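Asker: Sending over a structure as structure tokens; questions will come in a sec.
The values are calculated or read from the model by the stated rules, or taken from the named source; none is laboratory data. What you see is a predicted model; the values in this text were computed from it and never measured. Note that each Cβ is placed from the backbone with ideal geometry, even for glycine, and that neighbours are counted across all protein chains shown.
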Amino acid sequence: MAKGMILAAGQGTRVRPLTRDLPKPMVPILGKPVMEYLIEHLARHGITEIMVNVAWHHQKIEEYFGDGRRWGVQIGYAYEGIRDHGDILPRPMGSAGGMRRIQDFGGFFDETTLVLCGDALIDLDITAALAEHKAKGAIASVVALDVPLADVQNYGIVVAAADGQIESFQEKPSPAEAKSTLASTGIYIFEPAILGLVPPNTVYDIGSQLFPQLVAQKLPFFVQNRPFNWIDIGRVSDYWSVLQRVLRGEVAEMKIPGRQVKPGVWVGLNTSIPWDKVKIEGPVYIGSSVRIEPGASITGPAWIGHGSHIRTGAKVVRSILFEYTRIAADMRFSEMIVSPEYCVDRNGETLYRGDDTAQLRWGDARA
């Protein structure tokens, strides 16, 4: 079988403010961290020994996942940081450097390892991907997805021979310059020997440093092109559209929690909703202890986090409310992500609570 490695040390700057207090793998989708779906998926394919490299907000990941026994797996952690003037500061070693450090410490990577980024949702057939890797005698494989030519400028593009041997990479080429439409998904399969090529105690990146080395040395390094759902939450706009897709039921293995009270409307426990005096169009999930006042309306796809409060006359349209968010009376929030402290529209424009120039009023439902 294989082992698993989840890369979770990055800062997630492009999804701020969602990552202001949360590491990117902990950003919630349907009330569950992105990384939880990954761990469940690894477990389904028999990968039960999983290392996670961590740095920023590492305690939040470790406190939530613990040793992994809730998911029937074992999870280990490797913190990357330095001591500076008496403070411990996170300092990621790069995706390959972090793996080399784990290997030098205790030799974890002693068999084929599947490497994943902790911030993308996937439904890849891992068992089939591992079988193809073994059949080709690869030292490393990159799982890629065919993307439309117009979209190549958003991705790292893999250029390969007819047999799949990787010849080069193009970082976000224009459609006119692109030599391929195979986008790297950040999912890799490595044999243990690969880590011998990474210099010890060095910040070293898989994509920009290790892979060009494999190409230059003409090692058995292959691309796999297989269809699957790969949803990368690279930017706030991606996060908004992912949640819309999930709520519409377009992503496998992602079931909406709660009880379906009418078509397209799910509720958690102990909600206070005067159904005959509110307008709710699905798909909508309403979490536990949510209070919706008469005259409010919700238009889906929408997710209302637990403990939230929607005041009379307020309208929530195709939006996500994080837990304990209060929407003030007669306010209209459309295509937004709203937390008790900030709200951000689908393009990433952010407003903070207390901003005198903001037309919108909202707050913390606990206060």
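Asker: Which count do you get for residues in region 255-279 that are touching a Lys or Arg at 6+ places or on another chain (Cβ under 7 Å) and crowded, with 18+ Cβ neighbours inside 10 Å?
Answerer: Summing the residues that are touching a Lys or Arg at 6+ places or on another chain (Cβ under 7 Å) and crowded, with 18+ Cβ neighbours inside 10 Å in region 255-279 gives 2.
Asker: Restricting to region 269-295, and then to whatever is of a type in the set (Gly, Ala, Ser) and closer than 30 Å to Leu124 by Cβ, can you tell me which residue is modelled with the lowest pLDDT? I'd like the intermediate steps shown before the answer.
Answerer: Looking only at region 269-295, we keep the residues that are of a type in the set (Gly, Ala, Ser), and these are 272, 282, 287-289, 295.
If we keep only those that are closer than 30 Å to Leu124 by Cβ as well, we get 282, 287.
Values: Gly282: 89, Gly287: 95.
The qualifying residue modelled with the lowest pLDDT is Gly282.
Asker: What helices (runs of 4 or more DSSP H), lying completely within region 5-120, carry at least 1 residues that are β-branched (Val, Ile, Thr) and more than 28 Å from Phe228 (Cα to Cα)?
Answerer: By residue number, 95-106.
Asker: Can I ask one more? Based on what the data block shows, is Leu351 of a type in the set (A, V, I, L, M), touching a Gly at 6+ places or on another chain (Cβ under 6 Å) and surrounded by 14 or more Cβ atoms within 10 Å (Cβ to Cβ)?
Answerer: Here the answer is no, as Leu351 does not meet what is asked.
Asker: Now a separate question. Hey, can you tell me all the residues within region 36-82 that are closer than 17 Å to Gly94 by Cα and among the charged types (D, E, K, R)?
Answerer: Of everything in region 36-82, just one residue is closer than 17 Å to Gly94 by Cα and among the charged types (D, E, K, R), namely Glu80.
Asker: If you go through region 228-247 one residue at a time, do you hit one that is at pLDDT 90 or above and basic (Lys, Arg)?
Answerer: No, region 228-247 contains no residue that is at pLDDT 90 or above and basic (Lys, Arg).
Asker: Restricting attention to region 102-143, report how many residues are without any contact (Cβ under 8 Å) to a residue 12 or more places away in the chain and more than 16 Å from Gln165 (Cα to Cα).
Answerer: Pass one, region 102-143, residues without any contact (Cβ under 8 Å) to a residue 12 or more places away in the chain: 106-107, 131, 135.
If we keep only those that are more than 16 Å from Gln165 (Cα to Cα) as well, we get 106-107, 131.
Residues meeting the conditions: 3.
Asker: State whether one or more residues within region 208-231 are among the hydroxyl-bearing types (Ser, Thr, Tyr), buried (at least 18 other Cβ atoms within 10 Å of the Cβ) and not in a strand (DSSP E or B). Even if it seems obvious, please write down each step before you answer.
Answerer: We begin by selecting, within region 208-231, every residue among the hydroxyl-bearing types (Ser, Thr, Tyr); these are 208.
Cutting the leftovers down to buried (at least 18 other Cβ atoms within 10 Å of the Cβ) gives us none.
No, region 208-231 contains no residue that is among the hydroxyl-bearing types (Ser, Thr, Tyr), buried (at least 18 other Cβ atoms within 10 Å of the Cβ) and not in a strand (DSSP E or B).
Asker: Right, next: For a quick check of your reading of the model, give me the residue pairs whose first member lies in region 181-196 and is over 11 Å from Ser141 (Cα atoms), whose second is of a type in the set (Lys, Arg) and crowded, with 22+ Cβ neighbours inside 10 Å, with beta-carbon atoms closer than 7 Å and at least 6 apart or on different chains.
Answerer: Matching pairs, first to second residue: Leu195/Arg100.
Asker: State whether one or more residues within region 356-366 are of a type in the set (S, T, N, Q) and closer than 21 Å to Tyr239 by Cβ. Don't jump to the end; show me each part of the working.
Answerer: So the first thing to find is which residues in region 356-366 are of a type in the set (S, T, N, Q), and the list is 357, 359.
Next, from what is left, pick out any that are closer than 21 Å to Tyr239 by Cβ: none.
The answer is no, given that none of the residues of region 356-366 is of a type in the set (S, T, N, Q) and closer than 21 Å to Tyr239 by Cβ.
Asker: What about Ser308, is it surrounded by 14 or more Cβ atoms within 10 Å (Cβ to Cβ) and farther than 28 Å from Gly234 by Cα?
Answerer: It is false that Ser308 is surrounded by 14 or more Cβ atoms within 10 Å (Cβ to Cβ) and farther than 28 Å from Gly234 by Cα.
Asker: Now for a different question. Failed condition for Phe333, given (1) of a type in the set (Phe, Trp, Tyr); (2) touching a Pro at 6+ places or on another chain (Cβ under 8 Å); (3) modelled with pLDDT of 95 or more, with all others met?
Answerer: For Phe333, the exception is condition (2).
Asker: Quick check on my filter: what residues within region 154-169 are surrounded by fewer than 17 Cβ atoms within 10 Å (Cβ to Cβ) and either assigned to a loop (DSSP other than H, G, I, E, B) or not charged (D, E, K, R) (or both)?
Answerer: Residues satisfying the conditions are Asn154, Val159, Ala161, Ala162, Asp163, Gln165, Ser168.
Asker: Tell me, yes or no, whether region 95-116 has at least one residue that is of a type in the set (Ser, Thr, Tyr) and within 25 Å of Val246 (Cβ to Cβ).
Answerer: no
Asker: Any chance you could count how many residues in region 252-286 are within 22 Å of the chain's Cα centre (by Cα) and basic (Lys, Arg)?
Answerer: Summing the residues that are within 22 Å of the chain's Cα centre (by Cα) and basic (Lys, Arg) in region 252-286 gives 1.
Asker: Only residues in region 223-234 that are under 12 Å from Asp125 (Cβ atoms) count as the first member; pair them with residues that are of a type in the set (S, T, N, Q), Cβ under 7 angstrom, at least 6 apart or cross-chain, and list the lot.
Answerer: Listed pairs, sorted by first residue: Gln224/Ser141.
Asker: Spot the failing condition for Tyr64; the list is (1) buried (at least 21 other Cβ atoms within 10 Å of the Cβ); (2) more than 29 Å from Glu191 (Cβ to Cβ), and only one is missed.
Answerer: Exception for Tyr64: condition (1).
Asker: Criterion first (closer than 27 Å to Val236 by Cβ and surrounded by fewer than 20 Cβ atoms within 10 Å (Cβ to Cβ)) does Leu124 satisfy it?
Answerer: So Leu124 does not fit the description; no.
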